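What follows is a single structure, written as structure tokens, with notes after it.
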Amino acid sequence: MAIIQIPVDDRQKEKIVFHSDMLHYGLYLPGPKGYFYGDIPWHWHDEFEFGYILGGSMLYKTPRCEYILSEGDGIFVNSGTLHYLHPREPKNTASLCSQFIDQSFLSGALGSLIDLKYITPVLENNRLEVIPFFRQDPKSARILDQLLEAIELGRTRQPFFELRIRSLFSQIWEYVYAQAM
């Protein structure tokens, strides 16, 4: 199976590119056909990742756990977590959308009250690698709907989309924080 090339350095760190230096939110949509043609190799990044499976199914692996996610499921990947993705059968339908935010996106500023109280504890929780969101779980379903809404806002960029995306991720973060503590 082919390996998808993602830009990583010699430490396997991926450089996430935000659409704006002033809004640390990145939306990575699938290619024109929406398919994965191979594995996404082991890598990590400083940013928090929220993946959403648009089609097919994927195996997400970290050094300590693995999850099979199907269409409609999603996942939170903590900052600094080494992870690997493998499309499952049928491989030609595997499609993923990822949204990335950094530590300052929700807190406004490093060292702020929000940062120190709610963001840093998640970031520094070495036990928390990922949180899977399964569509059949009612609590996860709410998060998944919010992720879909954020994807649509990021894709269409309607007026006030920046405020609305930040609001959605603030709500999602409450769930992430509760799972981390």
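Tell me which strands (runs of 3 or more DSSP E) are completely within the stretch 71-147 and hold 3 or more residues being crowded, with 21+ Cβ neighbours inside 10 Å, or say none if there are none.
Fully inside the stretch 71-147 and qualifying: 74-77, 83-87, 95-101.
Just for the stretch 19-38: of the residues that are aromatic (Phe, Trp, Tyr) and under 30 Å from residue 109 (Cβ atoms), which one is modelled with the highest pLDDT?
Only one residue tops the list, namely 25.
Against the condition more than 20 Å from residue 20 (Cα to Cα) and part of a helix (DSSP H, G or I), how does residue 168 come out, does it pass? Please lay out each step first, then the result.
Numbers: more than 20 Å from residue 20 (Cα to Cα): no; part of a helix (DSSP H, G or I): yes.
In short, no.
Mind listing just one residue for me: the one in the stretch 36-70 that is of a type in the set (Phe, Trp, Tyr) and not in a strand (DSSP E or B) and, of those, least open to solvent (accessible area, probe 1.4 Å)?
Of everything passing the filter in the stretch 36-70, 36 is least open to solvent (accessible area, probe 1.4 Å).
Residues of the stretch 148-165 being surrounded by 19 or more Cβ atoms within 10 Å (Cβ to Cβ) and either under 15 Å from the mean Cα position of the chain (by Cα) or not in a helix (DSSP H, G or I) (or both), which ones? Even if it seems obvious, please write down each step before you answer.
To start, the set of residues in the stretch 148-165 that are surrounded by 19 or more Cβ atoms within 10 Å (Cβ to Cβ) comprises 150-151, 153-154, 165.
150, 151, 154, 165 - these are the residues of the stretch 148-165 that are surrounded by 19 or more Cβ atoms within 10 Å (Cβ to Cβ) and either under 15 Å from the mean Cα position of the chain (by Cα) or not in a helix (DSSP H, G or I) (or both).
Quick one: in the stretch 171-181, of everything that is in a helix (DSSP H, G or I) and in contact (Cβ under 8 Å) with a residue 24 or more places away in the chain, which residue is surrounded by the most Cβ atoms within 10 Å (Cβ to Cβ)?
172
Return yes when residue 111 is in contact (Cβ under 8 Å) with a residue 12 or more places away in the chain and not hydroxyl-bearing (Ser, Thr, Tyr) and no when it is not.
no
All but one of (1) charged (D, E, K, R); (2) modelled with pLDDT under 85; (3) in contact with a Gly (Cβ under 7 Å, 6 or more places away or on another chain) hold for residue 71, so report the exception by its number.
All conditions pass for residue 71, except number (2).
Find all pairs meeting these conditions: Cβ atoms under 7 angstrom apart; at least six residues apart or on different chains; first residue within the stretch 154-170 and on the phi > 0 side of the Ramachandran plot; second residue open to solvent by 50 Å² or more (accessible area, probe 1.4 Å).
none
The values are calculated or read from the model by the stated rules, or taken from the named source; none is laboratory data. Computed from a prediction, not measured in an experiment: that's the story for all the values here. Note that we place each Cβ from the backbone using ideal geometry, even for glycine, and neighbour counts take in every protein chain shown. Heads up: the accessible areas ignore ligands, DNA and RNA and are worked out on the full protein's heavy atoms, side chains in. Shrake-Rupley method; radii C 1.70, N 1.55, O 1.52, S 1.80 Å.
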